[in-house]
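Okay, structure first, notes after.
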Amino acid sequence: MTRDKNVTGVSIRIKNESSALRVTSEQVSDEILASQVARGNGAALETLYYRHASTVLAVSLKVIGDQAAAEDVLQETFWRVWRSASTYQPQRGSFTGWLFRIARNLAIDEYRRRNVRPPQMTVTDDADSILDQVADPDMDVAEQAQSVFKNRQVRDALASLPRMQRQVIEMAYFYGMTRQEIAEATGEALGTIHTRARLGLQKLREELERVEFEG
Amino acid sequence: MDQRQIEELLPFYALDALTEEERELVESYLAEHPEARAQIEEMSGAASSLPYSALPVEPPRRAKEALMARVAADAEARARASKHASRQPSRRVMRFENIFQAFSMGVATVAIVWAVILNTQLAQLRNEVSLLGDALIAQSNSLEQINAKLTQTTPAGAVTISLKGTDVQPDAYGQLIADPNSQSAVLVIAGLGQLEPGKIYQVWLIDGGGPKSAGILTVDANGQGLLILSSELAIGEFNSLGISIEPDGGSEQPTGDIVVLSDL
(Lines give C-alpha, C1' and ligand atoms only; values in the text may rest on other atoms or scores of the structure.)
Protein backbone atom coordinates (compact mmCIF):
# COMPACT_ATOMS: atom_id res chain seq x y z
CA MET A 1 0.00 0.00 0.00
CA THR A 2 1.38 3.42 -0.91
CA ARG A 3 0.29 6.62 0.72
CA ASP A 4 0.28 10.21 -0.45
CA LYS A 5 -0.82 12.33 2.45
CA ASN A 6 -1.42 16.05 2.47
CA VAL A 7 -1.22 17.01 6.12
CA THR A 8 -2.76 20.43 5.63
CA GLY A 9 -5.58 19.63 3.24
CA VAL A 10 -8.88 17.89 3.56
CA SER A 11 -8.15 15.12 1.14
CA ILE A 12 -5.90 12.17 1.92
CA ARG A 13 -5.35 9.64 -0.79
CA ILE A 14 -4.31 6.11 0.04
CA LYS A 15 -3.73 3.94 -2.96
CA ASN A 16 -4.66 0.38 -2.36
CA GLU A 17 -7.38 -2.00 -3.36
CA SER A 18 -9.99 -0.08 -1.38
CA SER A 19 -8.81 3.46 -2.12
CA ALA A 20 -12.24 4.90 -2.87
CA LEU A 21 -13.60 3.63 0.42
CA ARG A 22 -10.65 4.85 2.42
CA VAL A 23 -10.64 8.32 0.89
CA THR A 24 -14.33 8.73 1.55
CA SER A 25 -14.22 7.44 5.11
CA GLU A 26 -11.48 9.93 5.94
CA GLN A 27 -13.66 12.80 4.78
CA VAL A 28 -16.69 11.76 6.77
CA SER A 29 -17.25 13.65 10.03
CA ASP A 30 -16.76 12.11 13.46
CA GLU A 31 -20.50 12.41 14.09
CA ILE A 32 -21.39 10.37 11.00
CA LEU A 33 -18.77 7.78 11.92
CA ALA A 34 -20.21 7.58 15.43
CA SER A 35 -23.62 6.81 13.96
CA GLN A 36 -21.98 3.99 11.99
CA VAL A 37 -20.32 2.66 15.15
CA ALA A 38 -23.75 2.60 16.78
CA ARG A 39 -24.79 0.20 14.01
CA GLY A 40 -21.90 -2.13 14.80
CA ASN A 41 -19.42 -0.93 12.19
CA GLY A 42 -15.89 -1.75 13.41
CA ALA A 43 -14.18 0.12 10.56
CA ALA A 44 -15.86 3.35 11.63
CA LEU A 45 -14.53 2.82 15.17
CA GLU A 46 -11.06 2.17 13.77
CA THR A 47 -11.15 5.43 11.79
CA LEU A 48 -12.16 7.34 14.92
CA TYR A 49 -9.33 5.62 16.77
CA TYR A 50 -6.80 6.69 14.14
CA ARG A 51 -8.05 10.24 14.41
CA HIS A 52 -8.17 10.70 18.17
CA ALA A 53 -6.21 7.96 19.98
CA SER A 54 -3.09 10.09 20.38
CA THR A 55 -5.04 12.87 22.13
CA VAL A 56 -6.96 10.40 24.31
CA LEU A 57 -3.68 8.76 25.34
CA ALA A 58 -2.12 12.17 25.98
CA VAL A 59 -4.96 13.23 28.30
CA SER A 60 -4.87 9.92 30.16
CA LEU A 61 -1.11 10.07 30.58
CA LYS A 62 -1.24 13.67 31.81
CA VAL A 63 -3.83 12.74 34.46
CA ILE A 64 -2.44 9.39 35.61
CA GLY A 65 1.25 9.77 34.84
CA ASP A 66 1.70 6.07 34.06
CA GLN A 67 2.02 4.80 30.48
CA ALA A 68 0.55 1.32 31.03
CA ALA A 69 -2.45 2.62 32.96
CA ALA A 70 -2.97 5.35 30.37
CA GLU A 71 -3.02 2.71 27.61
CA ASP A 72 -5.67 0.81 29.58
CA VAL A 73 -7.76 3.98 29.72
CA LEU A 74 -7.25 4.47 25.97
CA GLN A 75 -8.60 0.99 25.24
CA GLU A 76 -11.46 1.31 27.70
CA THR A 77 -12.43 4.68 26.25
CA PHE A 78 -12.81 3.33 22.71
CA TRP A 79 -14.46 0.17 24.02
CA ARG A 80 -17.11 2.38 25.64
CA VAL A 81 -17.52 4.26 22.37
CA TRP A 82 -18.12 0.89 20.69
CA ARG A 83 -20.65 -0.20 23.28
CA SER A 84 -22.37 3.15 23.88
CA ALA A 85 -22.23 5.00 20.56
CA SER A 86 -26.02 4.81 20.32
CA THR A 87 -26.26 7.08 23.40
CA TYR A 88 -24.19 9.83 21.77
CA GLN A 89 -26.42 12.72 20.63
CA PRO A 90 -24.76 15.06 18.08
CA GLN A 91 -27.20 17.86 18.82
CA ARG A 92 -25.86 18.01 22.40
CA GLY A 93 -22.23 18.53 21.42
CA SER A 94 -19.33 17.40 19.32
CA PHE A 95 -18.15 13.81 19.19
CA THR A 96 -14.69 14.80 20.43
CA GLY A 97 -16.25 16.56 23.43
CA TRP A 98 -18.08 13.32 24.28
CA LEU A 99 -15.03 11.15 23.61
CA PHE A 100 -12.60 13.26 25.63
CA ARG A 101 -15.09 13.43 28.51
CA ILE A 102 -15.20 9.64 28.66
CA ALA A 103 -11.39 9.46 28.60
CA ARG A 104 -10.94 12.20 31.18
CA ASN A 105 -13.47 10.68 33.59
CA LEU A 106 -11.90 7.22 33.30
CA ALA A 107 -8.44 8.70 33.82
CA ILE A 108 -9.56 10.73 36.85
CA ASP A 109 -11.18 7.62 38.34
CA GLU A 110 -7.92 5.73 37.89
CA TYR A 111 -5.91 8.66 39.28
CA ARG A 112 -8.12 8.77 42.40
CA ARG A 113 -8.01 5.01 42.81
CA ARG A 114 -4.22 5.05 42.73
CA ASN A 115 -4.00 7.91 45.17
CA VAL A 116 -5.98 6.14 47.86
CA ARG A 117 -3.94 2.96 47.59
CA PRO A 118 -0.44 2.43 48.93
CA PRO A 119 2.21 2.91 46.21
CA GLN A 120 2.91 -0.25 44.27
CA MET A 121 6.06 -1.58 42.65
CA THR A 122 6.12 -1.12 38.91
CA VAL A 123 6.29 -4.47 37.17
CA THR A 124 7.96 -4.68 33.79
CA ASP A 125 6.23 -7.11 31.48
CA ASP A 126 9.09 -8.99 29.86
CA ALA A 127 6.63 -10.87 27.70
CA ASP A 128 5.98 -7.78 25.60
CA SER A 129 7.82 -8.15 22.34
CA ILE A 130 9.64 -5.19 20.88
CA LEU A 131 7.11 -5.18 18.04
CA ASP A 132 4.28 -4.87 20.55
CA GLN A 133 5.78 -1.75 22.04
CA VAL A 134 6.55 0.18 18.88
CA ALA A 135 4.29 2.98 17.74
CA ASP A 136 1.42 1.97 15.51
CA PRO A 137 2.53 2.50 11.88
CA ASP A 138 -1.09 2.67 10.75
CA MET A 139 -1.87 5.80 12.78
CA ASP A 140 -3.07 8.61 10.56
CA VAL A 141 -0.09 10.87 9.88
CA ALA A 142 -2.27 13.81 8.85
CA GLU A 143 -4.33 13.58 12.03
CA GLN A 144 -1.15 13.26 14.09
CA ALA A 145 0.22 16.42 12.49
CA GLN A 146 -3.03 18.25 13.19
CA SER A 147 -2.97 17.09 16.81
CA VAL A 148 0.55 18.42 17.22
CA PHE A 149 -0.49 21.73 15.62
CA LYS A 150 -3.53 22.02 17.90
CA ASN A 151 -1.35 21.13 20.88
CA ARG A 152 0.99 24.00 20.07
CA GLN A 153 -1.91 26.44 19.73
CA VAL A 154 -3.56 25.46 23.02
CA ARG A 155 -0.28 25.28 24.95
CA ASP A 156 0.67 28.76 23.72
CA ALA A 157 -2.80 30.05 24.63
CA LEU A 158 -2.56 28.51 28.11
CA ALA A 159 0.96 29.89 28.52
CA SER A 160 -0.40 33.39 27.95
CA LEU A 161 -2.59 33.06 31.08
CA PRO A 162 -1.32 34.21 34.49
CA ARG A 163 0.14 31.15 36.19
CA MET A 164 -2.47 31.06 38.98
CA GLN A 165 -5.37 31.16 36.50
CA ARG A 166 -3.80 28.35 34.49
CA GLN A 167 -3.28 26.32 37.66
CA VAL A 168 -6.96 26.56 38.66
CA ILE A 169 -8.12 25.54 35.17
CA GLU A 170 -5.76 22.56 35.02
CA MET A 171 -6.59 21.36 38.53
CA ALA A 172 -10.29 21.45 37.73
CA TYR A 173 -10.14 19.95 34.26
CA PHE A 174 -7.38 17.36 34.44
CA TYR A 175 -7.80 16.23 38.03
CA GLY A 176 -11.54 16.84 38.44
CA MET A 177 -10.91 18.87 41.60
CA THR A 178 -13.91 20.79 42.89
CA ARG A 179 -13.58 24.51 43.60
CA GLN A 180 -13.49 23.76 47.35
CA GLU A 181 -10.69 21.23 46.86
CA ILE A 182 -8.72 23.73 44.77
CA ALA A 183 -9.19 26.43 47.41
CA GLU A 184 -7.96 24.03 50.08
CA ALA A 185 -4.99 22.84 48.00
CA THR A 186 -3.85 26.34 47.09
CA GLY A 187 -4.72 27.99 50.40
CA GLU A 188 -6.70 30.67 48.58
CA ALA A 189 -10.20 31.99 49.31
CA LEU A 190 -13.05 30.38 47.40
CA GLY A 191 -13.92 33.74 45.81
CA THR A 192 -10.38 34.03 44.46
CA ILE A 193 -10.67 30.58 42.87
CA HIS A 194 -13.97 31.58 41.23
CA THR A 195 -12.43 34.73 39.80
CA ARG A 196 -9.36 32.93 38.49
CA ALA A 197 -11.41 30.24 36.78
CA ARG A 198 -13.71 32.78 35.11
CA LEU A 199 -10.93 35.12 33.99
CA GLY A 200 -8.75 32.19 32.91
CA LEU A 201 -11.42 30.68 30.66
CA GLN A 202 -12.25 34.11 29.25
CA LYS A 203 -8.59 34.82 28.42
CA LEU A 204 -8.13 31.31 27.01
CA ARG A 205 -11.12 31.78 24.72
CA GLU A 206 -9.78 35.13 23.49
CA GLU A 207 -6.37 33.64 22.76
CA LEU A 208 -7.85 30.65 20.91
CA GLU A 209 -10.01 32.96 18.82
CA ARG A 210 -6.98 35.10 18.02
CA VAL A 211 -5.06 32.11 16.62
CA GLU A 212 -8.23 30.77 14.93
CA PHE A 213 -8.11 27.49 16.82
CA GLU A 214 -10.44 24.85 15.40
CA GLY A 215 -11.26 22.20 17.98
CA MET B 1 -28.11 29.59 46.53
CA ASP B 2 -28.71 33.01 44.96
CA GLN B 3 -28.14 33.99 41.32
CA ARG B 4 -24.63 35.40 41.95
CA GLN B 5 -23.54 32.21 43.67
CA ILE B 6 -24.86 30.08 40.83
CA GLU B 7 -23.09 32.24 38.24
CA GLU B 8 -19.86 31.62 40.13
CA LEU B 9 -20.34 27.94 39.37
CA LEU B 10 -20.55 28.44 35.60
CA PRO B 11 -16.78 28.19 34.89
CA PHE B 12 -16.61 24.96 36.87
CA TYR B 13 -19.65 23.64 35.02
CA ALA B 14 -17.78 24.31 31.76
CA LEU B 15 -14.74 22.53 33.22
CA ASP B 16 -16.94 19.59 34.31
CA ALA B 17 -15.70 19.96 37.89
CA LEU B 18 -18.88 20.38 39.91
CA THR B 19 -20.50 18.08 42.41
CA GLU B 20 -23.69 16.37 41.24
CA GLU B 21 -25.79 18.70 43.37
CA GLU B 22 -24.06 21.80 42.00
CA ARG B 23 -24.43 20.53 38.43
CA GLU B 24 -28.19 20.09 38.88
CA LEU B 25 -28.46 23.62 40.27
CA VAL B 26 -26.65 25.04 37.24
CA GLU B 27 -28.74 23.04 34.77
CA SER B 28 -31.96 24.27 36.39
CA TYR B 29 -30.61 27.81 36.25
CA LEU B 30 -29.68 27.47 32.56
CA ALA B 31 -33.14 26.16 31.75
CA GLU B 32 -34.64 29.32 33.22
CA HIS B 33 -31.99 31.78 31.99
CA PRO B 34 -31.30 31.28 28.27
CA GLU B 35 -29.00 34.32 28.29
CA ALA B 36 -26.60 32.41 30.56
CA ARG B 37 -26.30 29.66 27.96
CA ALA B 38 -24.26 31.96 25.72
CA GLN B 39 -21.76 32.40 28.57
CA ILE B 40 -21.61 28.66 29.11
CA GLU B 41 -21.08 28.01 25.41
CA GLU B 42 -18.16 30.44 25.33
CA MET B 43 -16.57 28.95 28.43
CA SER B 44 -17.25 25.38 27.30
CA GLY B 45 -15.65 26.16 23.95
CA ALA B 46 -12.47 27.20 25.74
CA ALA B 47 -12.61 24.21 28.09
CA SER B 48 -13.08 21.78 25.20
CA SER B 49 -9.67 22.80 23.83
CA LEU B 50 -7.91 21.59 26.98
CA PRO B 51 -7.42 17.94 25.88
CA TYR B 52 -5.22 19.29 23.10
CA SER B 53 -2.92 20.96 25.64
CA ALA B 54 -1.52 17.52 26.53
CA LEU B 55 1.32 16.63 24.18
CA PRO B 56 -0.03 13.98 21.74
CA VAL B 57 1.34 10.51 22.41
CA GLU B 58 1.35 8.00 19.59
CA PRO B 59 -0.18 4.82 20.99
CA PRO B 60 1.65 1.53 20.57
CA ARG B 61 0.36 -0.90 17.99
CA ARG B 62 -0.60 -3.41 20.68
CA ALA B 63 -3.22 -1.02 22.07
CA LYS B 64 -5.19 -0.89 18.83
CA GLU B 65 -4.75 -4.61 18.18
CA ALA B 66 -6.13 -5.50 21.60
CA LEU B 67 -9.07 -3.14 21.17
CA MET B 68 -9.98 -4.33 17.68
CA ALA B 69 -9.69 -8.00 18.67
CA ARG B 70 -12.14 -7.29 21.51
CA VAL B 71 -14.43 -5.43 19.12
CA ALA B 72 -14.26 -8.21 16.50
CA ALA B 73 -15.14 -10.82 19.13
CA ASP B 74 -18.05 -8.69 20.32
CA ALA B 75 -19.28 -8.16 16.76
CA GLU B 76 -19.13 -11.91 16.16
CA ALA B 77 -21.03 -12.59 19.37
CA ARG B 78 -23.70 -10.03 18.43
CA ALA B 79 -24.04 -11.51 14.96
CA ARG B 80 -24.42 -15.01 16.42
CA ALA B 81 -26.97 -13.79 18.97
CA SER B 82 -28.92 -12.03 16.24
CA LYS B 83 -28.88 -15.10 14.01
CA HIS B 84 -29.89 -17.31 16.92
CA ALA B 85 -32.78 -14.99 17.87
CA SER B 86 -34.08 -14.95 14.30
CA ARG B 87 -34.34 -18.73 14.21
CA GLN B 88 -37.62 -20.42 15.25
CA PRO B 89 -36.56 -23.99 16.05
CA SER B 90 -39.06 -26.79 16.62
CA ARG B 91 -39.21 -28.56 20.00
CA ARG B 92 -37.42 -31.52 18.53
CA VAL B 93 -34.58 -29.36 17.30
CA MET B 94 -34.43 -27.57 20.63
CA ARG B 95 -34.02 -30.93 22.44
CA PHE B 96 -31.25 -31.83 20.04
CA GLU B 97 -29.60 -28.52 20.69
CA ASN B 98 -29.84 -28.96 24.45
CA ILE B 99 -27.92 -32.26 24.24
CA PHE B 100 -25.05 -30.62 22.44
CA GLN B 101 -25.32 -27.13 23.87
CA ALA B 102 -22.39 -27.31 26.27
CA PHE B 103 -20.19 -29.04 23.73
CA SER B 104 -21.13 -26.58 21.00
CA MET B 105 -20.51 -23.56 23.17
CA GLY B 106 -17.08 -24.87 24.11
CA VAL B 107 -16.17 -25.53 20.52
CA ALA B 108 -17.59 -22.19 19.43
CA THR B 109 -15.59 -20.32 22.06
CA VAL B 110 -12.34 -21.93 20.99
CA ALA B 111 -13.21 -21.35 17.34
CA ILE B 112 -14.02 -17.70 17.93
CA VAL B 113 -10.80 -17.02 19.81
CA TRP B 114 -8.85 -18.80 17.09
CA ALA B 115 -10.71 -16.95 14.34
CA VAL B 116 -10.17 -13.61 16.02
CA ILE B 117 -6.44 -14.18 16.25
CA LEU B 118 -6.11 -15.29 12.66
CA ASN B 119 -8.67 -13.04 11.03
CA THR B 120 -8.37 -9.66 12.73
CA GLN B 121 -7.10 -8.01 9.59
CA LEU B 122 -9.72 -9.68 7.44
CA ALA B 123 -12.48 -8.56 9.80
CA GLN B 124 -11.19 -4.99 9.70
CA LEU B 125 -11.22 -5.03 5.91
CA ARG B 126 -14.74 -6.42 5.85
CA ASN B 127 -15.87 -3.75 8.27
CA GLU B 128 -14.28 -1.09 6.13
CA VAL B 129 -16.25 -2.22 3.13
CA SER B 130 -19.42 -2.27 5.20
CA LEU B 131 -18.85 1.37 6.23
CA LEU B 132 -20.04 2.50 2.85
CA GLY B 133 -21.85 -0.69 2.00
CA ASP B 134 -24.61 0.06 4.51
CA ALA B 135 -25.17 3.45 3.00
CA LEU B 136 -25.03 2.08 -0.51
CA ILE B 137 -27.85 -0.37 0.14
CA ALA B 138 -30.11 2.63 0.61
CA GLN B 139 -29.35 3.68 -2.91
CA SER B 140 -29.94 0.27 -4.49
CA ASN B 141 -26.86 0.76 -6.63
CA SER B 142 -24.01 -1.62 -7.11
CA LEU B 143 -20.90 -1.12 -5.01
CA GLU B 144 -18.80 -0.93 -8.14
CA GLN B 145 -20.88 1.86 -9.64
CA ILE B 146 -20.77 3.92 -6.47
CA ASN B 147 -17.07 3.36 -5.93
CA ALA B 148 -16.41 4.59 -9.44
CA LYS B 149 -18.54 7.67 -8.82
CA LEU B 150 -16.94 8.34 -5.45
CA THR B 151 -13.50 8.19 -6.99
CA GLN B 152 -14.61 10.71 -9.59
CA THR B 153 -16.22 12.97 -7.02
CA THR B 154 -13.48 13.04 -4.41
CA PRO B 155 -10.61 14.83 -6.16
CA ALA B 156 -7.76 16.46 -4.22
CA GLY B 157 -9.60 19.81 -4.20
CA ALA B 158 -12.69 18.42 -2.50
CA VAL B 159 -14.16 20.29 0.44
CA THR B 160 -16.53 19.06 3.11
CA ILE B 161 -19.53 21.22 4.02
CA SER B 162 -21.55 20.54 7.17
CA LEU B 163 -25.33 20.44 6.82
CA LYS B 164 -27.90 20.96 9.58
CA GLY B 165 -31.56 20.21 9.99
CA THR B 166 -34.13 22.99 10.22
CA ASP B 167 -36.59 23.40 13.09
CA VAL B 168 -38.79 20.82 11.31
CA GLN B 169 -36.17 18.08 11.85
CA PRO B 170 -33.49 19.54 14.16
CA ASP B 171 -31.81 16.16 14.64
CA ALA B 172 -30.87 15.91 10.97
CA TYR B 173 -27.22 16.49 10.11
CA GLY B 174 -24.81 15.55 7.37
CA GLN B 175 -22.13 16.54 4.96
CA LEU B 176 -21.70 17.47 1.34
CA ILE B 177 -18.35 16.39 -0.08
CA ALA B 178 -17.64 18.26 -3.27
CA ASP B 179 -15.07 19.85 -5.49
CA PRO B 180 -16.59 23.33 -6.03
CA ASN B 181 -15.49 23.21 -9.67
CA SER B 182 -17.09 19.82 -10.26
CA GLN B 183 -20.67 19.16 -11.29
CA SER B 184 -21.08 16.26 -8.88
CA ALA B 185 -20.88 15.73 -5.15
CA VAL B 186 -21.53 13.18 -2.43
CA LEU B 187 -24.29 13.92 0.09
CA VAL B 188 -24.31 11.95 3.36
CA ILE B 189 -27.21 12.55 5.77
CA ALA B 190 -28.24 11.10 9.12
CA GLY B 191 -30.98 11.78 11.64
CA LEU B 192 -33.83 12.18 9.16
CA GLY B 193 -37.28 11.05 10.26
CA GLN B 194 -39.33 8.31 8.64
CA LEU B 195 -41.89 9.59 6.15
CA GLU B 196 -45.50 8.62 5.76
CA PRO B 197 -46.33 6.52 2.68
CA GLY B 198 -46.42 8.52 -0.54
CA LYS B 199 -43.77 11.02 0.60
CA ILE B 200 -40.07 11.25 -0.26
CA TYR B 201 -37.08 13.47 0.48
CA GLN B 202 -35.97 15.64 -2.44
CA VAL B 203 -32.62 17.47 -2.58
CA TRP B 204 -32.33 20.98 -4.00
CA LEU B 205 -29.35 23.08 -5.04
CA ILE B 206 -30.24 26.76 -4.80
CA ASP B 207 -28.74 29.72 -6.66
CA GLY B 208 -30.01 33.17 -7.63
CA GLY B 209 -32.43 31.57 -10.05
CA GLY B 210 -34.10 29.49 -7.31
CA PRO B 211 -34.02 25.82 -6.33
CA LYS B 212 -33.00 23.15 -8.83
CA SER B 213 -33.74 19.51 -8.11
CA ALA B 214 -30.60 17.49 -7.36
CA GLY B 215 -32.30 14.14 -6.87
CA ILE B 216 -34.40 11.98 -4.61
CA LEU B 217 -32.78 10.95 -1.33
CA THR B 218 -33.62 7.47 -0.09
CA VAL B 219 -33.38 7.12 3.68
CA ASP B 220 -32.99 3.84 5.52
CA ALA B 221 -34.76 2.72 8.69
CA ASN B 222 -32.11 4.49 10.78
CA GLY B 223 -32.67 7.84 9.08
CA GLN B 224 -29.45 7.68 7.08
CA GLY B 225 -29.03 8.25 3.37
CA LEU B 226 -26.42 8.82 0.73
CA LEU B 227 -26.87 10.50 -2.65
CA ILE B 228 -24.49 11.17 -5.50
CA LEU B 229 -25.61 14.58 -6.76
CA SER B 230 -25.10 15.78 -10.28
CA SER B 231 -25.80 19.21 -11.62
CA GLU B 232 -25.58 21.09 -14.91
CA LEU B 233 -23.62 23.84 -13.12
CA ALA B 234 -20.50 23.51 -10.95
CA ILE B 235 -21.40 22.93 -7.29
CA GLY B 236 -19.53 26.14 -6.37
CA GLU B 237 -22.07 28.14 -8.38
CA PHE B 238 -24.82 27.37 -5.88
CA ASN B 239 -25.47 29.34 -2.69
CA SER B 240 -27.18 26.70 -0.61
CA LEU B 241 -28.52 23.16 -0.39
CA GLY B 242 -31.94 22.16 0.86
CA ILE B 243 -33.92 18.98 1.41
CA SER B 244 -37.71 19.06 1.41
CA ILE B 245 -40.51 16.54 1.84
CA GLU B 246 -42.31 16.03 -1.45
CA PRO B 247 -44.96 13.73 -2.92
CA ASP B 248 -43.69 10.40 -4.23
CA GLY B 249 -41.97 10.95 -7.58
CA GLY B 250 -40.67 14.41 -6.67
CA SER B 251 -41.67 17.96 -7.54
CA GLU B 252 -40.41 20.58 -9.95
CA GLN B 253 -40.14 23.10 -7.10
CA PRO B 254 -40.19 22.55 -3.30
CA THR B 255 -43.75 22.27 -2.04
CA GLY B 256 -43.43 20.60 1.38
CA ASP B 257 -41.59 21.15 4.65
CA ILE B 258 -37.89 21.99 4.30
CA VAL B 259 -35.98 19.69 6.67
CA VAL B 260 -32.38 20.64 5.83
CA LEU B 261 -31.12 24.04 4.63
CA SER B 262 -27.46 25.06 4.72
CA ASP B 263 -25.24 27.57 2.97
CA LEU B 264 -22.63 26.14 0.65
Any hit, the stretch A:186-197, residues being crowded, with 16+ Cβ neighbours inside 10 Å, without any contact (Cβ under 8 Å) to a residue 24 or more places away in the chain and under 23 Å from the mean Cα position of the chain (by Cα): no
Selection from the stretch B:39-64 of residues that are more than 7 Å from chain A (Cβ to nearest Cβ) and crowded, with 16+ Cβ neighbours inside 10 Å: B:GLN39, B:ILE40, B:SER44
Restricting the stretch A:46-84 to residues that are touching a residue at least 60 places away in the same chain (Cβ under 8 Å) and more than 8 Å from chain B (Cβ to nearest Cβ), the residue that is nearest to the chain's Cα centre (by Cα): A:HIS52
Members of the stretch A:153-167 found to be more than 9 Å from chain B (Cβ to nearest Cβ) and assigned to a helix (DSSP H, G or I), listed by number: A:ASP156, A:ALA159, A:ARG163, A:MET164, A:GLN165, A:ARG166, A:GLN167
Residue that is nearest to the chain's Cα centre (by Cα) [pool: residues in the stretch A:36-45 that are more than 24 Å from A:GLU110 (Cβ to Cβ), among the hydrophobic types (A, V, I, L, M, F, W, C) and facing another protein chain (nearest Cβ under 7 Å)]: A:ALA44
The stretch A:168-185, residues that are free of Cβ contacts under 8 Å to residues at least 24 places away in the same chain and of a type outside the set (Gly, Ala, Ser): A:GLU170, A:MET171, A:MET177, A:THR178, A:ARG179, A:GLN180, A:GLU181, A:ILE182, A:GLU184
Enumeration of residues in the stretch B:182-238 that are among the hydroxyl-bearing types (Ser, Thr, Tyr) and buried (at least 21 other Cβ atoms within 10 Å of the Cβ): B:TYR201
Residue check for B:ILE228: touching a helix residue (DSSP H, G or I) at 6+ places or on another chain (Cβ under 6 Å) and of a type in the set (Val, Ile, Thr): yes
Subset of the stretch B:194-231 (residues that are within 17 Å of B:ASP257 (Cβ to Cβ), part of a strand (DSSP E or B) and charged (D, E, K, R)): B:LYS199
B:ALA214 being of a type in the set (A, V, I, L, M), in contact with a Phe, Trp or Tyr (Cβ under 9 Å, 6 or more places away or on another chain) and in the same structural domain as B:GLY236 (by TED's automatic domain parsing): yes
Qualifying residues in the stretch A:81-96 (those that are part of a helix (DSSP H, G or I) and buried (at least 17 other Cβ atoms within 10 Å of the Cβ)) - the one modelled with the lowest pLDDT: A:PRO90
Criterion: in a helix (DSSP H, G or I), facing another protein chain (nearest Cβ under 10 Å) and farther than 22 Å from A:ILE64 by Cβ - qualifying residue of A:ALA183, A:ALA172, A:ALA197: A:ALA197
Candidate set from the stretch B:1-29 (those that are among the acidic types (Asp, Glu) and over 22 Å from A:ASP109 (Cβ atoms)); member that is farthest from the chain's Cα centre (by Cα): B:ASP2
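The values are calculated or read from the model by the stated rules, or taken from the named source; none is laboratory data. Just so it is clear, the structure is predicted and the values come from calculations on it, not from any experiment. In this analysis, Cβ positions are derived from the backbone assuming ideal geometry, glycine residues included, and neighbour counts consider all displayed protein chains.
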